[in-house]
Amino acid sequence: MRRETKRFSPSQREDRPEHLAELVGNSKSISLIREEILKIADANASVLITGPSGSGKDVVAQLLHQRSRRAPRPLVALNCAAVPAELLESELFGHEQGAFTGAIRARAGRFEAANGGTLFLDEVGDMPLAMQAKLLRALETRQVERVGGMLPISLDVRVIAATSVDLAAATAAGRFRTDLLYRLDVIHIAMPALADHAEDVPALVQHFLRQQANPVRFTTAALDALSAWPWPGNVRELRNFVERACVHHGGEVIGRDGLDRLLRSPGVAAVPTLADPLPADLERAYIRAALEQTGGTISHTARLLRLQRTTLIEKMRRLEIDARAA
Ligand SMILES: Nc1ncnc2c1ncn2[C@@H]1O[C@H](COP(=O)(O)OP(=O)(O)OP(=O)(O)O)[C@@H](O)[C@H]1O
C-alpha cells in the first residue's frame, strides 16, 4: 500500500523526539550520505534523491528537513504517483472556491502548506508532463497560482524530490522534462540497494528489533545469512521481515535453521534480482513469484526485479508468462 500524502506537523517533530529520522548503517556509502546530509541541510538548492524502492529515500528527505534551519516549519510530502493526474494541480497549488466542480471552498495546496519549510515530492518521475511544466515555473519564479486564482503567491519552499525510476532514461524517452530534471537535480543523493551495503544488515536488524515490544534474538549465523539474502524490497523488506519474526517468535532465539524456515514463509520475496542470466525454469519461477507479490502489476514487478519494464515484458513473452495468470 503506497502512502498518499504525509504531513509532519511541527508539534509532532518537536514534542516527540522518537519521530526524528535515523539513517542507520556504518558502510562507506551510508556514512558518506550521512555526512552529505549534514553538509547540505541548510542549503536552499533542490535535492534529488534516487534509489530503489525501500532504500531509505524518505528517511533522507526527513533528515534533510530536520537538520535544516527550516525544521520548525512544516515538512509536507506528496506522493506524485498516488494522486490522480487531474487532482495533482490542485493538490500542489491549491484552488479557489468554484474553480472546478466540487471545489466548494478555497484550499491551499501543498506548496503553500510548506511555506518556510520543505516540500517533499516523492515519485516525481510519475508526474504528468503538463504538471511538470507548472512545477518548473513554480520553482523558477518561487511563486504559485491556485487553480482558478488570479494572483500569484510568493513562497519560500525548499523542494526535495525522490524517484525510484531512472529520470535520465525518462527524459531520453520524452516522459520527463530535461529542464525540470536540471532544476531538481542541483544536489543529488543516490541511495544504494540494500544488497550493495549488506554489511549494514546486522545494525539495521538491531535497530528494528529495538522498536519491538517482544523482540527475537538472531544468532550470529542467522545474522550472516540475513546479510547474504538479496532483499529485493531493500530496507523496507528487511524491516517487515524483522517485525514479522517478532510477531510470530517474540522472545525466541532464531538460528540458521529457524531463519531458513522464516525466509521461506509467505510474505518474504524469495526473488533475487534477475541481472544475471538464470536457467529458464528458475527465471520463470522468479518472475511468477514477483508477479504474485505485486498482484500482477508489470511496472512494480519490473522495479522489484530491478529490470527495465520493457526487458521484463520481453522476458515474459519469451517464457510465455501471463501476468493475469500469476
Ligand atoms: N538506513 C536506514 N536506517 C533506518 N531505517 C531505514 C533505513 N533505510 C530505510 N529505512 C526504513 O525502511 C523503510 C523504507 O524506507 P523509505 O520509506 O525511506 O524508502 P524509500 O526509498 O522512500 O521507498 P519508496 O521508493 O517505496 O518510497 C522505512 O521504514 C524506513 O524508516
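In the chain, the DSSP-assigned H stretches of four residues or longer account for a calculated mean residue ellipticity at 222 nm of -12500 deg cm²/dmol, using -39500 (n - 2.57) per stretch and the full residue count as denominator. Springs join every pair of Cα atoms under 10 Å in this Gaussian network model of the chain, and among 19, 207, 188 the largest mean-square fluctuation is at 19. When each of the peptides 238-244, 298-304 is scored by how many other beta carbons lie within 10 Å of its residues on average, the order from highest to lowest is 298-304, 238-244.
Put in order of Cβ neighbour count within 10 Å, fewest first, the listed residues 294, 101, 163, 310 become 101, 310, 294, 163. Sorting 105, 288, 175, 146 from the fewest to the most surrounding beta carbons within 10 angstrom yields 105, 175, 288, 146. Considering only 83, 71, 49, and ranking their Cα positions along the charge dipole of the stretch 13-131 that arises from unit charges at the beta-carbon of Lys, Arg, Asp and Glu, the one farthest toward the positive end is 71.
If you take the alpha carbon atoms of the stretch 280-325 and fit the smallest convex hull around them, that volume is 59 Å³ per residue. Over the chain, the alpha carbon radius of gyration divided by the compact-protein estimate 2.2 N^0.38 Å works out to 1.08.
Only Lys, Arg, Asp and Glu carry charge here, each on its Cβ (+1 for the first two, -1 for the last two); on that basis the chain has a dipole of about 440 debye about its Cα centre. By its C-alpha gyration tensor, with a ≥ b ≥ c as the square roots of the eigenvalues, how is the stretch 40-101 shaped: rounded for a/c under 1.5, else prolate for a/b larger than b/c, else oblate? Judged from the Cα gyration tensor, the stretch 40-101 comes out oblate (a/c at least 1.5, b/c at or above a/b).
The residue among 294, 307, 319 whose Cα reaches farthest toward the positive pole of the charge dipole of the stretch 280-325, with charges on the beta-carbon of Lys, Arg, Asp and Glu, is 307. Taking every alpha-carbon pair within the stretch 102-225, the share separated by more than 22 Å comes to 55 percent. Of 246, 80, the sequence from fewest to most neighbouring Cβ atoms within 10 angstrom is 246, 80. Taking all C-alpha pairs of the stretch 5-190, those more than 31 Å from each other amount to 15 percent. The phi-based Karplus calculation (6.51 cos²θ - 1.76 cosθ + 1.60; θ = phi - 60°) puts the 3J(HN,Hα) values of the stretch 229-245 at 5, x, 6, x, x, 6, 4, 4, 5, 4, 4, 4, 4, 4, 4, 5, 4 Hz, whole numbers, x for Gly and Pro.
Computed from the coordinates by the stated procedures, all read-outs in this text should not be read as laboratory data. No experiment lies behind these values; they were computed from the predicted model shown. Quick reminder, even Gly has a Cβ in these numbers, built from the backbone with ideal geometry, and neighbours come from all protein chains shown.
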